[in-house]
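Mind looking over this structure? Questions follow.
The values are calculated or read from the model by the stated rules, or taken from the named source; none is laboratory data. As the structure is a prediction and not an experimental result, all values here were calculated from the model. Cβ placement follows ideal geometry from the backbone for every residue including glycine, while neighbour counts extend to all protein chains displayed.
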Ligand code: SER
């Protein structure tokens, strides 16, 4: 009995999943198996070979997937984001770490079945970094992949450990066994900055003030930012994030010198976001009411990322600068979305 060949996307209904499915579906030869706790919307679902409502912690469900589908690549996007994770750290660990372990195991098993390496694309995050104080953050400038890896959030700890797990599965899995894995897992991770989509609003992240501010401004709703005006972390428009995922997937293995790559586009302060949002949507009503604790998390994240490794190894370059993000992507699409 032949199984259907697919690309598995977990967290398919989330912000990145949505964008990714639309782009992958435009490519030939990628049948998509979408998995999420909640069903994906119908427009997205129509682009998938199959959509499954289920939990990545449900071993039986994963086993069923293995019996029905031949999985050649996995985009493991499901996660509990940084703010939400602080309310239920142990649950976050389960979802973010054990969920990832389940998927890595599934990837190895799949590779044994069909005799090919399974590509495993993993979105990591700026949350893996932890700067001890603002003076260090200011002095650090654009942080490279190997520095300041002392995260203070459960989510950051989870992502950093999962990068290590991925590297372990790709290079050292069962290293004492008589016979090594013939094919195994080709693990590739991107450390994303805050992401901004014109079509969806994030939930449970700490970089959410950027997108929340813009979407509120477009709807003429008052918005009180939970970070200070001068709070600065890197951001990127969703189309560039999707391009980065696809670019890393397509990169020839021999060009890759690492399993983990920073990617970034720009680093506006929250105040600059507010100015741009107000310029685009004059009815915006944005104020700043910092929540010391969430601000504290943002203060530990770098103000900028050094993405030279991604540029050098696989030619990454963000296409959307800050102005272009607003002028060509956010404003027209958000206006359409809210009918303003
Ligand atoms: N944007 C995410 C968050 O804020 C970080 O990866 O949690």
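Given (1) under 22 Å from residue 303 (Cβ atoms); (2) within 15 Å of the chain's Cα centre (by Cα), where does residue 188 come up short, assuming only one miss?
(1)
Additional query: For residue 243, indicate whether it is modelled with pLDDT of 95 or more, more than 15 Å from the ligand (Cβ to nearest atom), within 22 Å of residue 327 (Cα to Cα) and under 19 Å from the mean Cα position of the chain (by Cα).
In short, yes.
Let me ask something else about it. Tally time: how many residues in region 9-51 are surrounded by 14 or more Cβ atoms within 10 Å (Cβ to Cβ) and more than 20 Å from residue 94 (Cα to Cα)? Explain how you work it out, then say what you get.
Let us first name the residues in region 9-51 that are surrounded by 14 or more Cβ atoms within 10 Å (Cβ to Cβ), namely 9-25, 30-37, 39-40, 44-45, 47-51.
If we keep only those that are more than 20 Å from residue 94 (Cα to Cα) too, we end up with 15-25, 30-34, 39-40, 44-45, 47-51.
So the answer is 25.
Farther than 21 Å from residue 15 by Cβ and modelled with pLDDT of 95 or more, is that true of residue 267? Give the steps one after another, and end with the answer.
Values: farther than 21 Å from residue 15 by Cβ: no; modelled with pLDDT of 95 or more: yes.
Considered against the rule, which asks whether it is farther than 21 Å from residue 15 by Cβ and modelled with pLDDT of 95 or more, residue 267 comes out as no.
Still on this structure, please answer the following. Could you tell me which numbered condition residue 206 fails, if it satisfies all but one of (1) surrounded by fewer than 20 Cβ atoms within 10 Å (Cβ to Cβ); (2) in a loop (DSSP other than H, G, I, E, B)?
Against the list (1) surrounded by fewer than 20 Cβ atoms within 10 Å (Cβ to Cβ); (2) in a loop (DSSP other than H, G, I, E, B), residue 206 comes up short only on (1).
Hey, can you tell me all the residues within region 138-162 that are in contact (Cβ under 8 Å) with a residue 24 or more places away in the chain, assigned to a helix (DSSP H, G or I), more than 19 Å from residue 265 (Cβ to Cβ) and more than 15 Å from the ligand (Cβ to nearest atom)?
If the condition is that a residue be in contact (Cβ under 8 Å) with a residue 24 or more places away in the chain, assigned to a helix (DSSP H, G or I), more than 19 Å from residue 265 (Cβ to Cβ) and more than 15 Å from the ligand (Cβ to nearest atom), then 138 is the only one that fits.
Looking only at region 209-237, filter to residues that are assigned to a helix (DSSP H, G or I) and within 12 Å of the ligand (Cβ to nearest atom); which one of those is surrounded by the fewest Cβ atoms within 10 Å (Cβ to Cβ)?
Taking region 209-237 first, the residues assigned to a helix (DSSP H, G or I) are 209-218.
Of the ones still in play, those that are also within 12 Å of the ligand (Cβ to nearest atom) are 209-212.
Working: 209: 28, 210: 25, 211: 24, 212: 21.
Checking each candidate, the answer is 212.
Just to be sure I understand, how many residues within region 88-103 are over 18 Å from residue 54 (Cβ atoms) and surrounded by fewer than 23 Cβ atoms within 10 Å (Cβ to Cβ)? Even if it seems obvious, please write down each step before you answer.
Let us first name the residues in region 88-103 that are over 18 Å from residue 54 (Cβ atoms), namely 88-90, 92-93, 97.
Pick out the ones that are also surrounded by fewer than 23 Cβ atoms within 10 Å (Cβ to Cβ) and you get 88-90, 93, 97.
Counting residues in region 88-103 that are over 18 Å from residue 54 (Cβ atoms) and surrounded by fewer than 23 Cβ atoms within 10 Å (Cβ to Cβ) gives 5.
Also: Specify the residue that is modelled with the lowest pLDDT; the eligible residues are those in region 181-203 that are assigned to a loop (DSSP other than H, G, I, E, B), more than 8 Å from the ligand (Cβ to nearest atom) and closer than 21 Å to residue 219 by Cα.
203
Being within 17 Å of residue 297 (Cα to Cα), buried (at least 21 other Cβ atoms within 10 Å of the Cβ) and in contact (Cβ under 8 Å) with a residue 12 or more places away in the chain: is that true of residue 274 here? Walk me through it before giving the result.
Numbers: within 17 Å of residue 297 (Cα to Cα): no; buried (at least 21 other Cβ atoms within 10 Å of the Cβ): yes; in contact (Cβ under 8 Å) with a residue 12 or more places away in the chain: yes.
So residue 274 fails the test.
Among the listed residues 87, 122, which satisfies the condition of being within 16 Å of the ligand (Cβ to nearest atom) and touching a strand residue (DSSP E or B) at 6+ places or on another chain (Cβ under 7 Å)?
Details: 87 fails: touching a strand residue (DSSP E or B) at 6+ places or on another chain (Cβ under 7 Å).
Going through 87, 122 in turn, the sole match is 122.
Give the residue, chosen from 24, 101, that is part of a helix (DSSP H, G or I), in contact (Cβ under 8 Å) with a residue 60 or more places away in the chain and within 19 Å of residue 158 (Cβ to Cβ).
Details: 24 fails: within 19 Å of residue 158 (Cβ to Cβ).
The match here is 101.
Moving to a separate point now. Give the residues of region 280-292 that are in contact (Cβ under 8 Å) with a residue 24 or more places away in the chain and either in a loop (DSSP other than H, G, I, E, B) or surrounded by fewer than 15 Cβ atoms within 10 Å (Cβ to Cβ) (or both), sorted by residue number.
281, 283, 284, 285, 287, 289, 290, 291 - these are the residues of region 280-292 that are in contact (Cβ under 8 Å) with a residue 24 or more places away in the chain and either in a loop (DSSP other than H, G, I, E, B) or surrounded by fewer than 15 Cβ atoms within 10 Å (Cβ to Cβ) (or both).
Within region 295-313, count every residue that is surrounded by 19 or more Cβ atoms within 10 Å (Cβ to Cβ), assigned to a helix (DSSP H, G or I) and touching a helix residue (DSSP H, G or I) at 6+ places or on another chain (Cβ under 7 Å).
2
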